[in-house]
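Participant: Quick one: structure below, then a few questions.
The values are calculated or read from the model by the stated rules, or taken from the named source; none is laboratory data. This one's a predicted model, so the numbers in the text were calculated from it and none came from an experiment. Cβ: placed from backbone, ideal geometry, glycine included. Neighbour counts: every protein chain shown.
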Amino acid sequence: MEETVISALKDSGLDPQFLELELTESILIGDTENVLQTVQRLKMLGIKLSLDDFGTGYSSLSYLKRFAVDKVKIDQSFISDMDKNPSDAAIVRAIIQMSKSLGLRTIAEGIEEAYLVKYLQIYHCDEAQGYYYSRPISSDDFVRWVLASLS
């Protein structure tokens, strides 16, 4: 994995500070010590890391500390019903507050409606992603979209 990332950075000329890799729980559970060493080397290059689907599965708070992530991605299962389910709303607020206390940014996944954006703004979530903003698009379509929005 490390060689692939370094090669991609070299081939593209992208400054490592603009690359963000998502770590999934399944990667962290496997060979923890090797993954930790690889992650530390990638961080030394300036690459940003986010912990994906935080709050699901066997998420451990120690991952936030040991793997020196920059961002926590809040799983969409908590986001989609937070207006109807007080427990989901409490979990979302708690993850955001805890992340801020640790100096981490937060990303909410699965935003499909405008009212969810309002809740996340009130809770001070840093970033959001989902169909509300855009369906997945190819890199070529993205370039066209950026160019069109600049003109």
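Participant: With (1) under 30 Å from residue 4 (Cα atoms); (2) modelled with pLDDT under 95; (3) surrounded by 14 or more Cβ atoms within 10 Å (Cβ to Cβ) as the list, and residue 31 as the residue in question, which single condition is left unmet?
Facilitator: That leaves (3) as the condition not met.
Participant: Here is a further query. Looking for something within 27 Å of residue 2 (Cα to Cα), modelled with pLDDT under 95 and crowded, with 16+ Cβ neighbours inside 10 Å - is there at least one such residue anywhere in the range 75-92?
Facilitator: Within the range 75-92 (the criterion being within 27 Å of residue 2 (Cα to Cα), modelled with pLDDT under 95 and crowded, with 16+ Cβ neighbours inside 10 Å), the answer is yes, since at least one residue qualifies.
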